[in-house]
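Novice: Attaching a single structure in structure tokens format; questions to follow.
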Amino acid sequence: AQSVTQPDIHITVSEGASLELRCNYSYGATPYLFWYVQSPGQGLQLLLKYFSGDTLVQGIKGFEAEFKRSQSSFNLRKPSVHWSDAAEYFCAVGAYSGGGADGLTFGKGTHLIIQP
Amino acid sequence: DTGVSQDPRHKITKRGQNVTFRCDPISEHNRLYWYRQTLGQGPEFLTYFQNEAQLEKSRLLSDRFSAERPKGSFSTLEIQRTEQGDSAMYLCASSLGTGKGFNEQFFGPGTRLTVL
């Protein structure tokens, strides 16, 4: 069974500073990896995804993530954060079962706080 | 594309009562998922439909929980004899399952259940 670890429960970053959120996964095959963002009162919004190919993927809102198979990691980065980036961020791994349920396994999330 | 919608957005009930939630997926999506998210945790998979067939259920889904998708469109999730431990956000997601590779899931805003 797959699992996802997000080691940082809370991260505080100053506005304009760079950001890196960590994600480690455990999965026996090539993973399908996702980063979602959840703001209060909002649904989960997909930031970016990795299925195959280039290991550096670009997403919405200026986010990017790098897949490193050797480290089983898929860290999320942003060069300069904005106050509106304050939210809960979830990393998820998908298990493709050949036509069956494409279940997502989520990490516990990282709460991002932006300091003015 | 109006997105995934869920109704109600909030539900407060007393222990022992039954509650029912509704999810309307994106219109052309044939796959529908229910997740549960408790405070401080990531979403956890509950169950999955392909068209009207319920194909997978998590062990989290006790016999008090039942889900239906009668015509392969909207879905309902019913909880009977609610317990305080059922208090959570219930999320619905849908995807267009093609049977080829992983299919991105789009999430609704969720229904927040509070059991008193």
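Novice: Let me have the relative contact order for chain B, percent, based on Cα pairs under 8 Å that are six or more residues apart.
Specialist: Over chain B, the number comes to 36 percent.
Novice: Taking 8 Å as the Cα distance limit and 6 or more residues as the minimum spacing, I'd like the relative contact order of the range A:1-84 as a percentage.
Specialist: Rounded, it is 33 percent for the range A:1-84.
Novice: So if I take the alpha carbon set of the range B:1-59, get Rg, then get Rh from the Kirkwood formula, what is the Rg over Rh ratio?
Specialist: Looking at the range B:1-59, the ratio lands at 0.99.
Novice: Moving on. If r is the Cβ-Cβ distance from B:S27 to B:E83 and R0 is 35 Å, what FRET efficiency results, to the nearest 0.05?
Specialist: 0.50
Novice: Mind telling me which of B:S62, B:S27, B:S94 comes out most flexible in a GNM of chain B, alpha-carbon contacts under 10 Å?
Specialist: B:S62
Novice: If all Cα-Cα distances of chain A are sorted into 5 Å bins from 0 onward, what percent lands in each bin, rounded to whole numbers?
Specialist: The calculated distribution, bin by bin, is 2, 12, 23, 25, 19, 11, 5, 2, 1, 0.
Novice: Distance in nm between label sites at A:A17 and A:A29, each 7 Å beyond Cα in the beta-carbon direction?
Specialist: 4.1 nm
Novice: Related question: Normalized C-alpha radius of gyration of the protein assembly as shown, against 2.2 N^0.38 Å?
Specialist: Computed over Cα atoms of the protein assembly as shown, the ratio equals 1.02.
Novice: Sequence gap at least 6, Cα distance under 8 Å: using those rules, report the relative contact order of the range A:1-42 to the nearest whole percent.
Specialist: That works out to 46 percent.
Novice: Another one. Please build a GNM for chain A, connecting alpha carbons under 10 Å apart, and tell me which residue among A:G53, A:G94, A:G62 fluctuates the most.
Specialist: Looking only at A:G53, A:G94, A:G62, the biggest GNM fluctuation is shown by A:G53.
Novice: What's the percent breakdown of Cα-Cα distances in the range B:9-112 across 10 Å bins, shortest bin first?
Specialist: Here the calculated profile for the range B:9-112 is 15, 50, 29, 6, 0.
Each value in this text was obtained by applying a stated rule to the coordinates, not by laboratory testing. Worth saying up front: this structure is predicted, and the values here are computed from it rather than measured. Cβ atoms come from the backbone with ideal geometry, glycine included; neighbour counts cover every protein chain shown.
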